[in-house]
Structure formats: C-alpha cells, structure tokens
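The values are calculated or read from the model by the stated rules, or taken from the named source; none is laboratory data. For clarity, every value in this text was computed on a predicted model and none was experimentally measured. Virtual Cβ from ideal backbone geometry, glycine too; neighbours counted across all protein chains shown. Surface accessibility is based on the protein's heavy atoms, side chains included, excluding ligands, DNA and RNA. Shrake-Rupley method; radii C 1.70, N 1.55, O 1.52, S 1.80 Å.
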Amino acid sequence: MIDRRQLLIQGLTTAGLVFLAGCDALSGNARAVRLLERAEAVSRRAQRLLSPRNAMAKEFTAADLSPVFPANGTINPADPAYQVLAEHGFADWALEVGGLVERPQSFSLADLRRLPARTQITRHDCVEGWSAIGQWTGPQLSTVLDVVRPLPRARYVVFFSADPDESGAKYYESLDLEEARHPQTILAYEMNGHALPIPHGAPLRLRVERQLGYKMAKYLMRIELRDSLTPIEGGRGGYWEDQGYEWYAGI
Amino acid sequence: MPDAKPAPDRLYRHTLPVRLAHWINVVCLPILVMSGLQIFNAHPALYWGERSDPDRALLSIDAVGSDDNEPIGLTTVFGRTFDTTGLLGVSTDAEGRVRSRGFPSWATLPGPQWLAMGRRWHFFAAWIFVLNGVLFAIYSLAGRHLWRDLLPSWRELRGLGGSIVDHLRFRHGDDVARYNGLQKIAYLGVIFGLGPLIVWTGLAMSPRMDAAFPWLSDVWGGRQSARTVHFMACVLFIGYVAVHVIMVAATGLWNNLRSMLSGWYRLPPPKSGGTL
C-alpha cells in the first residue's frame, strides 16, 4: 500500500510538472496560441451581447482626479519632425484625416478647438493593472468623422502616432466604427484643464473609455479609414496587438 | 434462512457530471492562478478604491538595486516592509539568473515575464472555468446533487463545532457514504460563494463590463478594490485546494481518487462480526 501511495504521489507530482512545462512550451507553439486567442472573440461577442452598444463609462468629479497621472510607454517621441513641432508649440501641427472618406481633410489645433468639445472625467485602466482618473477635453471622434464622411466600405478607424523612437517602431491603433462613434470616444487636446502635456501625448491623443489604455494612441499625426487592418504594419491592428495583445481591449 | 442481500462493498459516490466538472477544474485552476500571477506581476501592488495612487498601496512588491548587483526583494504590507528576496520581488529563474519580478517564475504562466501571453491563458481558462461552473450549478440545482449531497441538515449544522474539532484531529466518522457537515459547507462555499466571487471581481476589472454594469465594481468601492478582492479570492482558492488535497490524502488517497475517477468508492468492512 505504501509503495502504491508513494508511486501515486510521485506520479501526480511528475504529471503536474509535465503539465506546467507543457503549458510553457505551448506558449511558443503557433497553433496552440491561435487556439488560446480564440477566447478574444468569445469575450468580444459576449461583452457586446451583454452590454448596451452605447453604455457609458463611469464619469467622476474633480475631487476624484489622480494626484499624479502616470505617463506610460513613450513619454517624448524621438522623431525629429515631432521635436520640431513641439519646439514651435505645435502651431505647425495638423491632423491628417483620410483613407476611405469622401472629403479628406487636415485639422490644425485651432480647427479642432472650433469643433464642439466634450469634457469627461474618466478612469484610465492600464493593461498592467493600475488605474488613474483624469479629465479630458476635445471633440468627439464622431464629429470629425461626420466632417470627412467615411465611405460605406470603411470598417476601421486607424490612428497613426509620431514615431516613438529611433528603432523604426511605429505606434498605431485602430477601432471599429461602433467604438469610434461612441459618445465618449474623443480626440483630447486638454488634460485636467490644461493643454495636453507631452508625456501624455501632446498635442492630441485618443480617448476610448471602454477599453484599456493601450488603445488610446498618443501623439496623433494621421487618422485613416480602412476596410481592413491586415495591410498595416504587423496586420493585427495596433503596435501592442502586433506583439500579442488583444485587439479587443474591453477586458 | 432466506438469502439476505450481502452488504455492498462499494458505493457509487460521484456521478459522471460531478467527476467531469471536478477534473476540468483541476486543469483550469492552476492555469488561472499562475497566469493570474503573471498578470499581477505587470503591476505588483494592490490598492483600495478606484485609483492606484502609489503612496496608498495596501501591498506592494518591489526590487531595490539592479539585476547584476545583488538586488533585494521588498514586500510592503499595510506599511510594514519585509525582505522577501528569493521569493517575492527578487528571485531566480529557471536558468538560474536573478530576476526582479513580483512572483517568481516557477509560480507564473508563462515562466518569463510575458503579460500578453499570461492574459491569453487567463481568459481562455476563465471561459472554460465559467462554462464548467455554470453547467455544474445547473446540474446541481436541477438534479439532486445539491439537495441530496451538498445541503447540510439541521443536525449537521448543530454538530458543526464538534465536526471542526474532529477535522483538526484528523478524526473522521465512519459514515463515508455521504459528505459530512463541514465538508458540505466548504463545497457549498466554494461552488456558490468563492467561485462566483472570483468571476464577479474579474469582470469588475473589465472596462466594458464596468461601463455597462457600474455596480460590478461600485459594490467594492472601485476597480482597484475589485482587483484586490480578486487576488484575495485567489488566495482563498489556493487555501481551499491545499486543505482539500490534505483531507483527500488523509482519508484514503487511493479510494478517494478512484471514486473521483470511476465513481466507485470501496466501503470499509463492517465493524461487528455481522448478524449470524
């Protein structure tokens, strides 16, 4: 009996270790990873089924603002063109909006400030796990889309940032039109009542309040309407998505 | 003398749905715990409320010094700091290299720091865990499992104090055909308490769920509170599994395992000489 018990315990321990080693090995197996990635579509569909399309993210008061709002990722793009724009206080900066639209257009900061603005105090949830509360002001993305008029073929809104570093990496992000037209999806030029600081994405950043922080591209330079994400960079719809993170960042 | 039916020497103790649900959990739980620790390691600190103000952490795990210069791991709980080098903050990875990370590589899935892959494992296993739990709950409620096997009787509830003492002394009654009172409460608590709690607090961290159902996190006082409760529920799960495995081993490991595999539990021989 004792032998059998010891054998069983050893067997279970070995099985456990093999199981864990197996899980680690599977993380490097393309087919296994594709299987794991199926959960993303399940989460996206379930969340969209369960929650109303236009459910609004919680909004807070000035008393709830984070004393220090962490600046994550790039905090000052190395791109020389960006540095020149920053030196001139972004007076020469303009946001190009094009792709599958009827009327491609570029917007200066003054143009954007003339559009009706929305101010919202919201909680920023980083994929790492931390949360911070900030106040953001800027036009709704839907207002800008109404100006340029997306073609019926357009399915995604793609955001291109100033290049973050000399490595040639390009930060970009994308949303589908449902999330892009959500009332709280704004192009923020102000944070906590002041012009958006450089560490937080000056002169303009995206706010998508029902998804994680990495969706909210900073240092916006260009927005394009596209019918597919495949031809862009790694083809998965964003800088972090190309490195294995979920395109649907609602969870 | 008419043929008396011989006393059965085995008992069909676990139905197939119970056994299936059990082993699916056995696979899911380690994946969930270890990928959860991988995710935790991306920001190894816990808070209360909506925000994560660094100066108001309830718990934080830090490393002081660089990886090539004998760093030390410090864990701060409610303002008290402990040197946890080797386990928390600073530990050695599978290749024997010193790493600054919250939980050590042997406790996380994947082993190395890899948040994106940790999330993939976590949500995949979470869906299986949730579906398994929902199907099991329906089976227990609709079938007889809940009413016959899990709900304690008044007699068992009154005898709970004695049952606790017996458990602490590893003295278990002869009535192995059914769960005892304490056992029933532990199973009920995990199935209908801890399980839903960990799923709830997990969902409360999802920005989309939080937008649609703000009460998910409001009940706890905010998203960071929900994250803390999620972590504590995980600790309780680990504690439950530890006690469960010890009890299984202490009350006849092989017999218990066999009954959870095949359903059949071998009964001990009758105590008295019988009725001849």
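Structural remarks
- Criterion violated by residue A:98 - all others in (1) of a type in the set (Gly, Ala, Ser); (2) more than 11 Å from every other protein chain (Cβ to nearest Cβ); (3) not in a strand (DSSP E or B) satisfied: (3)
- Matching residues, the range B:69-96, being farther than 17 Å from residue B:231 by Cβ, surrounded by fewer than 17 Cβ atoms within 10 Å (Cβ to Cβ) and in contact with a strand residue (DSSP E or B) (Cβ under 8 Å, 6 or more places away or on another chain): B:70, B:72, B:81, B:82, B:83, B:86, B:92, B:93
- Summed over the range A:129-151, the residues that are out of contact with any Leu (no Cβ under 7 Å at 6 or more places or on another chain) and either open to solvent by 10 Å² or more (accessible area, probe 1.4 Å) or in a loop (DSSP other than H, G, I, E, B) (or both) give a count of 8.
- Test result for residue B:259, touching a strand residue (DSSP E or B) at 6+ places or on another chain (Cβ under 9 Å), within 27 Å of residue A:120 (Cα to Cα) and of a type outside the set (A, V, I, L, M, F, W, C): no
- Which listed residue is out of contact with any Pro (no Cβ under 9 Å at 6 or more places or on another chain), assigned to a strand (DSSP E or B) and away from every other protein chain (no Cβ under 14 Å), from B:82, B:170: B:82
- Failed item, numbered, when residue B:161 is tested on (1) open to solvent by 20 Å² or more (accessible area, probe 1.4 Å); (2) within 30 Å of residue B:43 (Cα to Cα): (2)
- Candidates B:99, B:51, B:119 - the one that is free of Cβ contacts under 8 Å to residues at least 40 places away in the same chain and either surrounded by 15 or more Cβ atoms within 10 Å (Cβ to Cβ) or among the basic types (Lys, Arg) (or both): B:99
- Neighbours by Cβ (under 6 Å, 6+ apart or cross-chain): first from the range B:181-209, open to solvent by 20 Å² or more (accessible area, probe 1.4 Å); second among the aromatic types (Phe, Trp, Tyr) and part of a helix (DSSP H, G or I): B:190/B:240
- Selection of the range B:36-63 for residues being more than 9 Å from chain A (Cβ to nearest Cβ) and within 17 Å of residue B:114 (Cα to Cα) yields B:36, B:37, B:38, B:41.
- In the range A:45-60, the residues that are more than 7 Å from every other protein chain (Cβ to nearest Cβ) form Cβ pairs under 8 Å with partners that are charged (D, E, K, R) and surrounded by 13 or more Cβ atoms within 10 Å (Cβ to Cβ), at six or more places apart or across chains, as follows: A:60/A:123; A:60/B:50.
- Residue match in the range B:17-34 (condition: within 14 Å of chain A (Cβ to nearest Cβ) and basic (Lys, Arg)): no
- Condition check for residue B:60: open to solvent by less than 60 Å² (accessible area, probe 1.4 Å), part of a strand (DSSP E or B) and closer than 19 Å to residue B:205 by Cβ: yes
- Each residue in the range B:183-218 was checked for being among the basic types (Lys, Arg) and within 14 Å of chain A (Cβ to nearest Cβ), and 1 pass.
- Per-region count, the range A:61-70, residues more than 7 Å from every other protein chain (Cβ to nearest Cβ) and either free of Cβ contacts under 8 Å to residues at least 40 places away in the same chain or exposed (fewer than 12 other Cβ atoms within 10 Å of the Cβ) (or both): 4
- Of all residues in the range A:2-33 being charged (D, E, K, R) and at the interface with another protein chain (Cβ under 10 Å from one of its Cβ atoms), the one that is least open to solvent (accessible area, probe 1.4 Å): A:24
- Residue match in the range B:219-237 (condition: facing chain A (nearest Cβ under 10 Å), of a type outside the set (S, T, N, Q), free of Cβ contacts under 8 Å to residues at least 40 places away in the same chain and part of a loop (DSSP other than H, G, I, E, B)): no
- Annotation for the range B:178-186: no member residue is farther than 28 Å from residue B:23 by Cα and of a type in the set (A, V, I, L, M).
- Within the range A:34-60, the set of residues being part of a loop (DSSP other than H, G, I, E, B) and either modelled with pLDDT under 95 or surrounded by fewer than 13 Cβ atoms within 10 Å (Cβ to Cβ) (or both) comprises A:51, A:52, A:53, A:54.
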